[in-house]
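The values are calculated or read from the model by the stated rules, or taken from the named source; none is laboratory data. None of these values were measured; they are calculated from a predicted model. Because the Cβ atoms are built from the backbone with ideal geometry, glycine has one as well, and the counts that use them run over all protein chains shown.
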Amino acid sequence: MPQQDATLLLDEDHNQAMRLFEQYKAAHDGRRQQTIAAELCQSLLVHMQIEEEIFYPAFQKATGDQQLLQDARREHKEARELIARIQADRQNAKLMLDLEDAILHHVNDEREKMFPKARSAANLNLMQLGQQLEMRKSELMEAHPA
Ligand SMILES: [Fe+2]
Ligand SMILES: [Fe+2]
């Protein structure tokens, strides 16, 4: 596994989530949709967890930015609420669209505000953080396979 900057690694997760939303919308078979929804929810939960455990605290320490993190944590909370409802409800097409909107908005905030700020922070080792994120992600994926 080549070493990766933390922001690139997290953005790859974002791209993967967007691809899964597209696949979900293109799928016409209900069982296929369920499989994609389950994978998507699981990978979003892991993604939010590694951000909250590793990336956000490091970002806060390096930049002192409280506002961006407050917004991000609130958006994660909203996404988790939608995911819990999707996991509980098999007829979830409308909720999946709501989740897609919420995630798109959140990803744009990270891409346009948080990641550029992280890249310009002098005292943030993005390569080292990338490695920590990767390790934690593998651990969590093994513990909770989709
Ligand atoms: Fe996030
Ligand atoms: Fe993210």
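Overview of results
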read-out	value
Some residue of the stretch 4-25 being closer than 20 Å to Arg119 by Cα and away from ligand 1 (no atom under 16 Å from the Cβ)	yes
Complete set of residues in the stretch 27-65 that are more than 16 Å from ligand 2 (Cβ to nearest atom), touching a helix residue (DSSP H, G or I) at 6+ places or on another chain (Cβ under 7 Å) and without any contact (Cβ under 8 Å) to a residue 24 or more places away in the chain	Ala27, Ile36
Segments classed as helices (runs of 4 or more DSSP H), wholly inside the stretch 26-119, with at least 3 members that are more than 14 Å from the chain's Cα centre (by Cα), away from ligand 1 (no atom under 14 Å from the Cβ) and surrounded by fewer than 16 Cβ atoms within 10 Å (Cβ to Cβ)	30-50, 67-88, 93-109
Residue in the stretch 14-23 that is surrounded by 12 or more Cβ atoms within 10 Å (Cβ to Cβ), within 11 Å of ligand 2 (Cβ to nearest atom), farther than 24 Å from Ser138 by Cβ and modelled with pLDDT of 95 or more present	no
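Matching residues to (1) within 16 Å of ligand 2 (Cβ to nearest atom); (2) without any contact (Cβ under 8 Å) to a residue 12 or more places away in the chain; (3) farther than 17 Å from His14 by Cβ:
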| position | (1), (2), (3) |
| --- | --- |
| Arg85 | no, yes, yes |
| Asp89 | no, yes, yes |
| Asp98 | no, no, yes |
| Asp101 | yes, yes, no |
| Ala118 | yes, no, no |
| Asn125 | no, yes, yes |
| Gly130 | yes, no, no |
| Leu133 | yes, no, no |
| Ala143 | no, yes, yes |
